[in-house]
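The values are calculated or read from the model by the stated rules, or taken from the named source; none is laboratory data. All values reported here derive from a predicted model rather than from experimental measurement. No Cβ is skipped: glycine too gets one built from the backbone with ideal geometry, and neighbour counts run over all protein chains shown.
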Amino acid sequence: SIYDYADSNIDARDTIATFLAVSSFLFWFRLFAYLMGFRMFSATVKIVFQIILDIRYFLIILVLAILAIAQSFYTLKKLNSPETRFIEQLEQAYYLLLSDFTTGETAAEVIFFIVASFLLPIILLNMLIALMNGTYTRISDGAEEVSYMEWGRQIAEIDSVISHRTEKAWTRGYLF
């Protein structure tokens with residue numbers, strides 16, 4: 001099995017673990033698509049997928065804001081402690097988004113902290129909530145139509161799979 005191969009090949013262990021993690025995530029994510037065939041899940045799953053599509057431009061702005069704040073903190077801290085790494089400041093900027101933070105040591109760090117704590121968790125996350133609310137309202141208004149459309153999509157997918165297999169069975173000894 002793949003686990004035995006990973007145990008015998010230490011160099012490939014991280015690659016195999018990453019591949020298995022991504023594969024299992026994609027498998028479970030595909031399960032969401034099949035849940036759309038059930039009336040009680042169809043609108044909710046459609047909302048999740050649509051929110052992911054609707055926030056893509058917001059995520060670019062969010063990543064740029066996190067990078068800007070991390071760069072500012074890195075520049076301030078690098079002068080006082082040369083061993084500071086950018087990845088640590090990037091992690092701190094992300095934690096600030098989640099309201100898990102440490103303030104600063106100097107006056108400039110405290111000022112940047114105040115600006116960042118206003119920008120990330122308050123303004124940007126409220127924008128995210130507003131975007132998600134708009135998507136929820138738009139999809140839930142047409143929840144019954146979404147359910148019927150998803151049933152039709154799944155029926156067409158099943159039909160194409162069955163038709164393809166039936167076609168192979170019929171042509172198997174006759175054409176080639």
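Restricting segment 82-107 to residues that are part of a loop (DSSP other than H, G, I, E, B) and touching a residue at least 24 places away in the same chain (Cβ under 8 Å), which is nearest to Ile122 (Cα to Cα)? Full working, then the answer.
Step one: filter segment 82-107 for residues part of a loop (DSSP other than H, G, I, E, B), giving 82-85, 98-106.
Still in the running and touching a residue at least 24 places away in the same chain (Cβ under 8 Å): 104-106.
Details: Gly104: 19, Glu105: 23, Thr106: 23 Å.
Here the residue is Gly104.
Would you be able to tell me the number of residues in segment 124-157 that are under 24 Å from the mean Cα position of the chain (by Cα), more than 29 Å from Ile61 (Cα to Cα) and among the hydrophobic types (A, V, I, L, M, F, W, C)?
The qualifying residues number 2.
Scan segment 116-136 for residues that are in contact (Cβ under 8 Å) with a residue 24 or more places away in the chain and of a type in the set (Val, Ile, Thr) and jot them down. Give the steps one after another, and end with the answer.
Residues of segment 116-136 in contact (Cβ under 8 Å) with a residue 24 or more places away in the chain: 116, 119-121, 124-125, 127-128, 131-132, 134-136.
The answer is Thr135, and nothing else.
Just checking, does segment 109-128 include any residue being of a type outside the set (A, V, I, L, M, F, W, C), surrounded by fewer than 12 Cβ atoms within 10 Å (Cβ to Cβ) and at pLDDT 80 or above?
Yes, segment 109-128 contains at least one residue that is of a type outside the set (A, V, I, L, M, F, W, C), surrounded by fewer than 12 Cβ atoms within 10 Å (Cβ to Cβ) and at pLDDT 80 or above.
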